[in-house]
Each structure stands twice: as structure tokens, then as C-alpha cells.
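No lab work stands behind these numbers, since they all come straight from the coordinates. It should be emphasised that the depicted structure is a prediction, and the values quoted were computed from it without experimental measurement. In this analysis, Cβ positions are derived from the backbone assuming ideal geometry, glycine residues included, and neighbour counts consider all displayed protein chains.
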Amino acid sequence: MISKFFVHRPKFAFVISIVLTLSGLLSIPALPVAEFPNISPPMVSVTTSYPGASAEVVADTVSKVIEAEVNGVENLVQQAMPRLPQEVQRNGVKVEKQDPNILMMLNLVSPDGSLDNLFLNNYMGINIKDNLARVNGVSKASIIGGMDYSMRIWLNPDRMASLGVTVEEAISAVQEQNIQVAAGRIGAAPVPRDQQFQYTLSTKGRLSHPEEFEQIIIRSNPDGSAVYMSDIARIELGAASYDAEAMLDNKPSALLFIYQSSGANALEVAKGVHDELSRLREQFPEDMDYKVLYDTTEFVQNSIDEMIETLLIAVALVIFVVYIFL
């Protein structure tokens, strides 16, 4: 019955076909483009650190405590804080919503191997990570196995034993002599009436070079001599943690995951990331380059190309059928 109606009214059938076709074409730009569908609710990431602790200790004293408090309800992590070890509380607990959609995986490499993991990771963290995180459609940029710069103090047990110095003394000396303090002001009220100037004092503050850490006084002896940090330790600028490092083709590398915002167009976000990388590449030091080893938009682009090809074939067949039979 319906087919008979359109057979006797071919012009009307043509108009309906054109309207439906145009409606479909106009709706294509509004469709979200991504490799995987959005997941609701998004993941919640709870991150903390416990330096020097074993996996079993972390599981028993940190993970189980947080899991017992966090059970699908927001703002409960703080209730677990008093039950966590003091070291974990000092380092802090980071809670953030995280979109599970990884857009691409980026490696910063040294083709000739002249740059080490420490330099590559910190260059990425200082000069690349934040710039990519600000690209429209990027929800997060995360360095995997990051090696942040840190002043490493390698204690010598033999020297400590011969001088009678304990680890607690070394830690206390660093905490007391590597601090930032407000030194105050000269000429602040109340002052004499003829006082005309006021000066703000500034002190050296935190130490920043290995040579300065070497001069930390551990102990003053009765004879007037002193035990310095350089007497019991080797100080160097290194990484805060050496637990993980990235390698690519047996050469140093830094690894960055880029996450896509929910509902963003993956192709447009990837283009923005590549444009920003091209701009940053001009400022790279010698023997540094980047490689994108994993890019979800390649699959997305191939799928779109196949969809367009299928759509064109379908449109051609529909036009052919309508023309022949109407």
C-alpha cells in the first residue's frame, strides 16, 4: 500500500529521499568521534606514595584502609587519612576523576642515546606535559614512571659508624638546615617617631646545589670541629624515585599518556596535539625527538573512511533504484 503511494507520486518520493539525505549529512558533524564509547560514571583515581615500603606493607596499611572507607560515595577519602602512616599523610593523597579514554601514547627519545632518562623525564614534565594538557579536548596528560629531579643523599654506613653518626641525626640536620623561613622586618611598628625606613629581610632559604648540602653540619664536637654531610654521604642531583624507567629500542625514553575529554572529537584533539608537538619540537635540544607509538585516531580515521565509502555506495544504489523503478 505504501509502495503504491510512492510509485504513483515519484516527485514526492524524490523530495523525501533528498530531505532524508540532507538531514543525515547535516547530522554527521555533530556526532562524537572516538574509538570507544563514553563510560559513565568515569573512573576515580586515588594516588599516594609510601617511599621505601614494600608492596605488602602498602597493601595492608594504605590500600586496604582507603578501600574500606571509599565505597562508591564521594568525599570519604579524608576519613581514612588519620589511619594512614605519617609518611603517606605528609606526601598527601590525590583524588581525581579520570576519563579512561587514552587518546595516544607519546615517547620522548634520544636517538643517539646522549640524553638519559632523568633529563628526558624532567624535560617532558617541565616543557611538554602542561602544554599538551592545555590542548582543547585533552582531559589529562600523565607521565608514566616519572623521575622528578631530587637531591639524593647517599649515606656511607662505614663512615657513619666510624664517626658515630646515626641516620636520625642526618635526617634531623637536613630538616633543620634546609628550610624556608620568614626573617622578618627591620623598622616595623612600634618604632621611634623619627624612624623613616622599613626593611624586609630575606634569607638563603632552601638549599639548591649539592655543594650546599655537603656543608650541612651534622654535629659540633667539643674540640670545635664539626661533622659535615660530606663526611658521611655522597650528594648528587638525581631522581626522586628509580622504581621505573622507560626504554625504547634499548635507548632512554620518557613516556606520556594523553587522555581525551568525554565527548570530545578524537580527530580534532589529536590534530591539536600534533600541532602543539610540532611547535614544541622546534625548541628541542640536540639529540631529542618524539615518537607516537599508539594513536587511537588511526583506527577511528580508517573506520570513518570505510563508513564514507559504504555511504557513497549506498547512496548510489538508492539513486539507481529510484531512477529505474520510479
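Tabulated data for the structure shown
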| quantity | calculated |
| --- | --- |
| Computed over segment 49-207, Kirkwood Rh from alpha-carbon pairs, angstrom | 21.6 Å |
| C-alpha long axis of helix 10-27 to longest principal axis of the chain, angle in ° | 0 degrees |
| Cα gyration tensor shape for the chain, rounded if a/c is under 1.5, else prolate or oblate | prolate |
| Choice from Asn221, Asn122, Asn107 with maximal GNM fluctuation in the chain (Cα, 10 Å cutoff) | Asn221 |
| Those aspartates and glutamates that a straight Cα-Cα span of less than 20 Å connects to Lys64, excepting residues fewer than 8 apart in one chain | Glu56, Glu74, Glu87, Glu96 |
| Length added when fully stretched, Asn91-Phe197, from 0.36 nm per residue minus Cα-Cα | 34.0 nm |
| Around Gly145: net Lys/Arg minus Asp/Glu count, Cβ-Cβ under 10 Å | -2 |
| Cα-based reach from Lys271 at 24 Å (exclusive), listing lysines while leaving out same-chain residues under 8 positions away | Lys129, Lys140, Lys291 |
| Cα pair distances of segment 146-301 binned at 10 Å [whole percent] | 8, 21, 19, 17, 18, 12, 4, 1 |
| Volume of the Cα convex hull of segment 275-321, divided per residue and given in Å³ | 89 Å³ |
| Isotropically averaged projected area of segment 151-239, using the convex hull of Cα atoms (one quarter of hull area), nm² | 8.6 nm² |
